[in-house]
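Below: one structure, written as structure tokens.
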């Protein structure tokens, strides 16, 4: 008969903890992701008419279906 007991290191709750991720490694990626999200919201929600940064309707037509899907009015 084999012994199936766990070693004390494997049985302790401290061994099951994930490694901590340092904030200085995550913060730049979080800021980058936030800026990308804000740009996406601007282009989908406000890039039209008087608030338009680019001339023409190219951006509006590119994100037109997304505008309706997300509930932004456009016409």
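The values are calculated or read from the model by the stated rules, or taken from the named source; none is laboratory data. Just so you know, these numbers come straight off a predicted model, no measurement behind them. Don't worry about glycine lacking a Cβ; one is built from the backbone with ideal geometry, like all the others, and counts go over all protein chains shown.
Pairs please, first residue from region 17-43 and within 18 Å of residue 66 (Cβ to Cβ), second anywhere and modelled with pLDDT under 95 and surrounded by 10 or more Cβ atoms within 10 Å (Cβ to Cβ), Cβ atoms under 7 Å, 6+ apart in sequence or on different chains.
These pairs meet every condition: 43/59; 43/63.
Would you check which residues across region 61-75 are modelled with pLDDT of 80 or more and either under 16 Å from residue 39 (Cβ atoms) or assigned to a loop (DSSP other than H, G, I, E, B) (or both) and list them?
Of the residues in region 61-75, the ones modelled with pLDDT of 80 or more are 61-73.
Hits for region 61-75 are 62, 63, 66, 67, 70, 71, 72, 73.
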